[in-house]
1. Out of the stretch 24-48, which residues are of a type in the set (D, E, K, R) and assigned to a helix (DSSP H, G or I)?
2. Quick one: in the stretch 11-29, of everything that is open to solvent by less than 40 Å² (accessible area, probe 1.4 Å) and modelled with pLDDT of 75 or more, which residue is farthest from LEU59 (Cα to Cα)?
3. Hey, can you tell me all the residues within the stretch 1-15 that are farther than 13 Å from PHE330 by Cα, under 35 Å from the mean Cα position of the chain (by Cα) and part of a loop (DSSP other than H, G, I, E, B)?
4. Tally the residues that are surrounded by 14 or more Cβ atoms within 10 Å (Cβ to Cβ) and either at pLDDT below 80 or small (Gly, Ala, Ser) (or both), restricting the search to the stretch 176-192.
5. For the stretch 310-343, enumerate the residues that are hydroxyl-bearing (Ser, Thr, Tyr) and modelled with pLDDT under 85.
6. Quick check: anything in the stretch 163-178 among the hydrophobic types (A, V, I, L, M, F, W, C), part of a loop (DSSP other than H, G, I, E, B) and without any contact (Cβ under 8 Å) to a residue 12 or more places away in the chain?
7. Does the stretch 118-125 include one or more residues that are free of Cβ contacts under 8 Å to residues at least 24 places away in the same chain, among the basic types (Lys, Arg), open to solvent by 10 Å² or more (accessible area, probe 1.4 Å) and in contact with a strand residue (DSSP E or B) (Cβ under 6 Å, 6 or more places away or on another chain)?
8. Residues that are assigned to a helix (DSSP H, G or I), surrounded by fewer than 19 Cβ atoms within 10 Å (Cβ to Cβ) and either touching an Asp or Glu at 6+ places or on another chain (Cβ under 7 Å) or not β-branched (Val, Ile, Thr) (or both): does the stretch 95-115 have at least one?
Amino acid sequence: MGIDAYVVDVEVHIASKGYKDPVIVGLPDAAVKESWQRVKLALRNSELPHSEHATTVNLAPAHTRKEGPSFDLPMAVGVMAASEVFSGDLWEQLLFVGELSLDGKLRHVNGVLPIALMAERKGFAGIVLPSANAAEAALVQNLKVYPADTLEQVYRFLTGEFVIESHPPAGPEVWNARPSYGVDFFDVKGQEAAKRAMEIAAAGNHNIIMVGPPGSGKTMLARRLSTILPNLTREECLEVTKLYSIKGLLRGGDDVVRTRPFRSPHHTISNIALVGGGTIPKPGEVSLAHFGVLFLDELPEYKRDVLEVLRQPLEDGTVSIARAAQSLSFPASFILVGAMNPCPCGWMGDYVRECTCAPHQIQNYLKKISGPLLDRIDIHVDVPRLEPEKLSSTPTGETSEVIRARTQEARERQLRRYRDEHIFSNGELGGRLLRKYCALPQDAEDTLMLAIKSFGFTARAYDRIRKLARTIADLAGRDQISQADIAEAIQLRNLDRKYWG
């Protein structure tokens, strides 16, 4: 339910006579109703004890809808228990989860990590599940994980005829493994101003929008932002992995998410796919980008209502989904990176190609990005066409590892500063905290006021500039914001005047 699991008691009653069709109650969905055919044939083909008499299966609590094939294994164990083939009470101390094939093999299921965390919290003696899910469940340190390949193995384990060795819990090699992204900032030629803006965004957890002609490197820069974010902590790894487990994105041996997520949905995405939802709500792209980067390329091409639903997660770091029976929240703390052309044809301001757009076309194009959404984006940066000389030259910039060391140090300064404020980065500053931690010396204040009068900056730009200056000072290892920090921060808001003034 959301990103957390809850216990479902599978109760099985077998009639002493009669051969009516089985009944499954407790708000099952279509996949759960079909479970009985898989359970019946898996028991029969594995030559395990079962009954052909009328059977009733109750999934409690009855008021909560059940979905998916994860109930196959507990239903099969329930049928065998109702047939009184188990002499001990081991099966009553364990939690079971797994999908069955018709020949009795156990198949991978989604959402095992939150289920295992719940089993540990509830004090179960262990969890029995498919071998394909064992490494994922083993991320929970204080829970016995019993992996099985077939239903027959589970039966013999519960009758004492066979010993299933518990899977060892995840060791330091899992948590300390070095993340591999496959891309690096060293590959980016030129665009020094944009790279500096990316470093500031990563250091202070600031949202950023890039404006430039086609082929200027906006997507290349965006894909490398996650490589300079600080490495995920153990707690962050678990939270991100829970989300990916629920969505079934841990296939292929990836049992823990070690790298900062990077999500880049197409501009045709729907509201529900972006923020989550559905009949039984599931996390969307904003939650899959949790602790990472959400990249929206060609930003004005997204539907207006799709962009507007981003306002709550950008403000609160969570997505709240209300339904008639329940209200759920999914975590969604991410850095938004937007990329767009300066006009519909893409060549306004380019020194090679001439723009063919009429002024009203450009105005309508830019208006697709609403003021409230821009309000939540701290950095606006111009990404011009790369000069031919730089395009043909050898890359000479810094690697992602070098830049990440600076952003990590800046984030640690922020964690120490805000340890009593319930925030973690400069990007979350606002109101009272902004006044408390972004106080300016007189010369810096004078520079900022001059910029506001000269460039026509808005009140929101005034606050954003101070937050950015705070991050620039942190990158330099200084507690006090300087005039130079304010001057650089002003440059990161210059598109306010150029495009949305």
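The values are calculated or read from the model by the stated rules, or taken from the named source; none is laboratory data. Every value quoted in this text rests on a predicted model; they were computed, and no experiment measured them. For neighbour counting, all protein chains shown are included, and Cβ atoms are generated from backbone atoms with ideal geometry for every residue, glycine included. These accessible areas exclude ligands, DNA and RNA; they are computed on the full protein's heavy atoms, side chains included. Shrake-Rupley method; radii C 1.70, N 1.55, O 1.52, S 1.80 Å.
1. LYS33, ARG38, LYS40, ARG44
2. ALA15
3. Selection gives ALA5, TYR6, VAL7, VAL8.
4. 1
5. Within the stretch 310-343, just SER327 meets the criteria.
6. Yes.
7. Scanning the stretch 118-125 turns up no residue that is free of Cβ contacts under 8 Å to residues at least 24 places away in the same chain, among the basic types (Lys, Arg), open to solvent by 10 Å² or more (accessible area, probe 1.4 Å) and in contact with a strand residue (DSSP E or B) (Cβ under 6 Å, 6 or more places away or on another chain).
8. No; the residues of the stretch 95-115 include none that is assigned to a helix (DSSP H, G or I), surrounded by fewer than 19 Cβ atoms within 10 Å (Cβ to Cβ) and either touching an Asp or Glu at 6+ places or on another chain (Cβ under 7 Å) or not β-branched (Val, Ile, Thr) (or both).
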